[in-house]
Amino acid sequence: MHPLLNVATIAARSAGNQIMQHLENIERLNIEQKGMNDFVSEVDKEAEQIIIQTIQKYYPDHAIMAEESGVSGSKKSDFEWIIDPLDGTTNFLHKYPQFSVSIAIKEKGKLMHGVVYDPIRDEMFSATRGDGARLNNYRIRVSEQKTLEHALLGTGFPYHDFSYIDSYMSSLKSFMQSTAGIRRAGSAALDLAYVACGRIDGFWEFNLKPWDIAAGALIAQEAGAFATDFKGGNNYLLSGNILVANPKLYKHMVQTITKTIPEELRN
Ligand code: IPD
Ligand code: CA
Ligand code: CA
């Protein structure tokens, strides 16, 4: 395993263990509201600190972009760590067992490594560019599902910015009528990891943040998925709009997205 991926794995596991320790005392946690339907607990912050301390122990000069504490470390570094310490906070706060730790590493601006860790199931999804994707060290591949008709898709609902809700609803309506089913599980990082291992065949969501998708998108791509913005481009880390699917299904999904989402929202 690449040394950077190894450190990411150690950090994700430590953060996941800490998250699990708090699962039974959620009622006693300090919870703040960052915005509409957007909560952060002391667990998110503690988990983030565990990850940052682990990184700094091995790589004190690397740059860091983390959801709760923002940007830190050296701006001159070729390496940038992108961290979501707890993806699926709403699920966690309701003891709904679907959340993850997501850590990605960019080198000279290019995504090179990613881990998404599900501490409930002790599932570590990981990838290094060019080296394939793994679940608990076993190679994973996307599904072979060719048709929308038999596909199970994942998505995320708009929950605080409702400006694009009509476009989203029209894509949802179309996929509802053309697929075998749709799941809104509540952790985008895990949704992407699930595309990677074929538990779902495709995934789309608007308006995500880089830390939600950086690791999962690389893992999905290394497992054979296409990952793009809604125009088929590479802008998804910036726009937050992402469409990921096995290559056969991808072309059908992109047709639906093109049909249902106006061009100005499709970046
Ligand atoms: C959220 C989850 C959710 C997605 C949201 C994200 P958070 O992350 O990934 O699935 O629908 O858009 O913000 O806030 O729990 O880290
Ligand atoms: Ca997140
Ligand atoms: Ca989070």
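Considering every residue within segment 138-152, establish whether at least one is polar (S, T, N, Q), more than 15 Å from ligand 2 (Cβ to nearest atom) and over 28 Å from Val115 (Cα atoms). For segment 138-152, residues polar (S, T, N, Q), more than 15 Å from ligand 2 (Cβ to nearest atom) and over 28 Å from Val115 (Cα atoms): present.
For segment 63-88, name all the residues that are among the hydrophobic types (A, V, I, L, M, F, W, C) and under 28 Å from Ala185 (Cβ atoms).
Correct list: Ile64, Met65, Ala66, Trp81, Ile82, Ile83, Leu86.
Among the residues of segment 232-267, those identified as open to solvent by 10 Å² or more (accessible area, probe 1.4 Å), of a type in the set (A, V, I, L, M, F, W, C) and within 20 Å of the chain's Cα centre (by Cα) are Leu237, Leu238, Val254. Examine segment 89-101 for a residue that is within 16 Å of ligand 2 (Cβ to nearest atom) and part of a strand (DSSP E or B), and state whether such a residue exists. There is at least one residue in segment 89-101 that is within 16 Å of ligand 2 (Cβ to nearest atom) and part of a strand (DSSP E or B). For segment 99-127, a residue qualifies if it is more than 18 Å from Pro3 (Cβ to Cβ) and either loosely packed, with under 14 Cβ neighbours inside 10 Å or not assigned by TED's automatic domain parsing to the domain that holds Arg28 (or both), and the qualifying residues are Gly109, Arg121, Asp122. Residues satisfying the criterion are present in segment 89-98 (criterion: closer than 21 Å to Ser187 by Cα, touching a helix residue (DSSP H, G or I) at 6+ places or on another chain (Cβ under 7 Å) and open to solvent by 50 Å² or more (accessible area, probe 1.4 Å)).
It is to be established whether one or more residues within segment 36-44 are assigned to a helix (DSSP H, G or I) and small (Gly, Ala, Ser). No: zero hits. In segment 162-214, the qualifying residues are those that are part of a loop (DSSP other than H, G, I, E, B) and within 16 Å of ligand 3 (Cβ to nearest atom), and the one that is least open to solvent (accessible area, probe 1.4 Å) is Ser187. Within segment 34-42, is even one residue over 22 Å from Leu237 (Cβ atoms) and away from ligand 2 (no atom under 16 Å from the Cβ)? Yes, segment 34-42 contains a residue that is over 22 Å from Leu237 (Cβ atoms) and away from ligand 2 (no atom under 16 Å from the Cβ).
Being surrounded by fewer than 14 Cβ atoms within 10 Å (Cβ to Cβ) and under 20 Å from the mean Cα position of the chain (by Cα) is a property that holds for Gly70.
The values are calculated or read from the model by the stated rules, or taken from the named source; none is laboratory data. This is a predicted model, so every value here is computed, not measured. When we count neighbours, we look across all protein chains shown, and the Cβ atoms used for this are built from the backbone with ideal geometry, even at glycine. Areas reflect the complete protein model, heavy atoms only, side chains present, ligands, DNA and RNA absent. Shrake-Rupley method; radii C 1.70, N 1.55, O 1.52, S 1.80 Å.
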